[in-house]
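**Student:** Sharing a structure with you now.
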Amino acid sequence: MDRLTCLFSALQNGQSAKKTLIRVPCTKNTKKLLNIFLQEKYIQDFYEENCQIVIVLKYEGNSPMFQRIQRISRPGRRVYCSYDRISPEKFSIFSTSKGIMSGRDALNLRIGGEFICEISVSKSI
């Protein structure tokens with residue numbers, strides 16, 4: 001399992017188990033993705049501790065902030081998307097020539113890239 005899939009599984013499993021803290025291996029891409037999650041208010045905080053990243057999960061009342069993180073581009077099947085095919089209604093993350101960013105930011109900058117993941121938001125939000 002690659003590092004991003006490990007991160008997405010840990011986030012989903014941690015929220016479904018109602019945990020407040022989870023730990024994932026520390027990588028540059030993990031930090032970049034978690035910064036986007038933090039900016040979009042899907043997690044409360046994260047910090048580095050002993051070569052691991054500790055993520056403080058966030059809940060809206062008693063329900064998780066998102067239902068599902070779907071990995072779109074995988075190591076065996078890369079998926080690329082031009083800016084005009086990015087959906088502004090869905091929260092997605094892209095790896096572009098300007099770095100890793102949310103779909104909304106990529107749409108505003110009018111650049112496409114590798115379609116990393118799409119997040120299904122909980123219905124209560």
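What follows is calculated from the coordinates using simple rules that are stated; it is not laboratory data. Keep in mind the model is a prediction, meaning the values are calculated, not measured. Cβ coordinates were reconstructed from backbone atoms using ideal geometry, including for glycine residues, and neighbour counts include every protein chain displayed.
**Student:** Condition first: surrounded by 14 or more Cβ atoms within 10 Å (Cβ to Cβ) and part of a helix (DSSP H, G or I). Now tell me which residues in the range 12-30 satisfy that.
**Tutor:** Gln12, Gly14, Gln15, Asn29, Thr30
**Student:** Tally up the residues in the range 58-93 that are closer than 19 Å to Asn13 by Cα and in contact with a Lys or Arg (Cβ under 6 Å, 6 or more places away or on another chain), please. Show your work before the answer.
**Tutor:** Quick first cut of the range 58-93, residues closer than 19 Å to Asn13 by Cα only: 58-72.
Imposing the further condition that a residue be in contact with a Lys or Arg (Cβ under 6 Å, 6 or more places away or on another chain) reduces the set to 65.
Total meeting the criteria: 1.
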